[in-house]
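Working notes, structure below.
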Amino acid sequence: MGLKDLFKKKEEKENVSNMERKSIFDTDYPMDKSNWKHVFSACLGQSVVTQDAMAELVVKDRNWFVDFSKGTLTFGNDAYPVQFIGSESSHSDTWMWGWNNINGFDESIIQLAHEVYDIGEDFNLESLITKTFPLTDEIYGHTLAIVACGISKGKYCYYRGPHDGGAIMMAVSGLPQEVFAPIDMQRFISTTMECIQQFELDHKIFLESLLMWNGTAYECSGNTLVAHFAQDLMITFERVGDIVRITDIKTV
């Protein structure tokens, strides 16, 4: 093989590895959108990546201040547009969606909450269209905010603002593009391991959604998926009940 062929092979590899980035919800991917676990699995990976980036690049351990009259969430001297997602009550251990709007916020502050409600109706996903309900080990402020930001058409990260009676969950926009930057293979693996150890997920939905969001080309056949980073990554699965779990992950 000559130099011309080597460069052609490298170019083809780069073209395969960097595909159009997209949300799994904009595709006809076969999952049950009325199943909380499936939808959460599809949202979690990109959320972990972007939340970590926001913490490092935006929050920087600075104090926060929200002004819903101005529609801003401020870290230090930097202000960003904010949306009110919903709230947790530590007194009743319940969640309430922002679209219920008992605070009388301007509609501009709860646009995302209304978007989530509309999508919830389309998905027939009860937790997105029930105005208030008890918190559980699976569905609570953090996980609801992950799904709210993950299914939205906008580019959001979320922030939890604790207070004496519980916490408010907010979505932040106008963030630096670096917050949403693609990740390399090592970060992909570490994110995957972190998430599957912490949450009960459908691993296949999780992986394919994260790869689509990352713009990483892949092929999936039967119980094997091969993702094309700078080096190929092979992942094998098995079905356990109604979900799919990873059995092995390695470079090839």
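The values are calculated or read from the model by the stated rules, or taken from the named source; none is laboratory data. Nothing here was measured: the structure is a model prediction, and the numbers come from that model. Because the Cβ atoms are built from the backbone with ideal geometry, glycine has one as well, and the counts that use them run over all protein chains shown.
Can you spot a residue in region 27-40 that is touching a strand residue (DSSP E or B) at 6+ places or on another chain (Cβ under 8 Å) and either assigned by TED's automatic domain parsing to the domain that holds Thr192 or over 18 Å from Gly161 (Cα atoms) (or both)?
Within region 27-40 (the criterion being touching a strand residue (DSSP E or B) at 6+ places or on another chain (Cβ under 8 Å) and either assigned by TED's automatic domain parsing to the domain that holds Thr192 or over 18 Å from Gly161 (Cα atoms) (or both)), the answer is yes, since at least one residue qualifies.
Just one of (1) in contact with a strand residue (DSSP E or B) (Cβ under 9 Å, 6 or more places away or on another chain); (2) in the same structural domain as Ser90 (by TED's automatic domain parsing); (3) under 23 Å from Thr27 (Cα atoms) trips up Lys155, so point out which.
With (1) in contact with a strand residue (DSSP E or B) (Cβ under 9 Å, 6 or more places away or on another chain); (2) in the same structural domain as Ser90 (by TED's automatic domain parsing); (3) under 23 Å from Thr27 (Cα atoms) applied to Lys155, the lone miss is (1).
Would you point out which residue out of Gly241, Gly215 is at positive phi, outside the structural domain of Ile119 (by TED's automatic domain parsing) and free of Cβ contacts under 8 Å to residues at least 24 places away in the same chain?
Being at positive phi, outside the structural domain of Ile119 (by TED's automatic domain parsing) and free of Cβ contacts under 8 Å to residues at least 24 places away in the same chain holds for just one of Gly241, Gly215, which is Gly241.
Any chance region 225-242 includes a residue that's at pLDDT below 95 and part of a strand (DSSP E or B)?
yes
Go through Arg187, Arg239 for me and flag whichever is closer than 23 Å to Tyr29 by Cα, surrounded by fewer than 20 Cβ atoms within 10 Å (Cβ to Cβ) and not acidic (Asp, Glu).
None of the other options fit; the residue is Arg239.
Check Glu115 against each of (1) over 18 Å from Met31 (Cβ atoms); (2) charged (D, E, K, R); (3) loosely packed, with under 14 Cβ neighbours inside 10 Å and name the one condition it does not meet.
(3)
Kindly indicate whether Ala171 is assigned by TED's automatic domain parsing to the domain that holds Gly45 and either among the acidic types (Asp, Glu) or part of a helix (DSSP H, G or I) (or both).
no
Which residue pairs have Cβ atoms closer than 8 Å, lie 6 or more positions apart in sequence or on different chains, and pair a first residue in region 193-211 that is within 19 Å of Thr136 (Cβ to Cβ) with a second residue that is of a type in the set (Phe, Trp, Tyr)?
From region 193-211, the pairs are Cys195/Phe206; Phe199/Phe40; Leu201/Phe40.
Yes or no: region 201-216 includes at least one residue that is loosely packed, with under 13 Cβ neighbours inside 10 Å and either assigned to a strand (DSSP E or B) or within 19 Å of the chain's Cα centre (by Cα) (or both).
No: region 201-216 contains no residue that is loosely packed, with under 13 Cβ neighbours inside 10 Å and either assigned to a strand (DSSP E or B) or within 19 Å of the chain's Cα centre (by Cα) (or both).
Are any residues in region 162-184 surrounded by 16 or more Cβ atoms within 10 Å (Cβ to Cβ) and more than 17 Å from the chain's Cα centre (by Cα), and if so, which ones?
Residues satisfying the conditions are Gly166, Ala167, Ile168.
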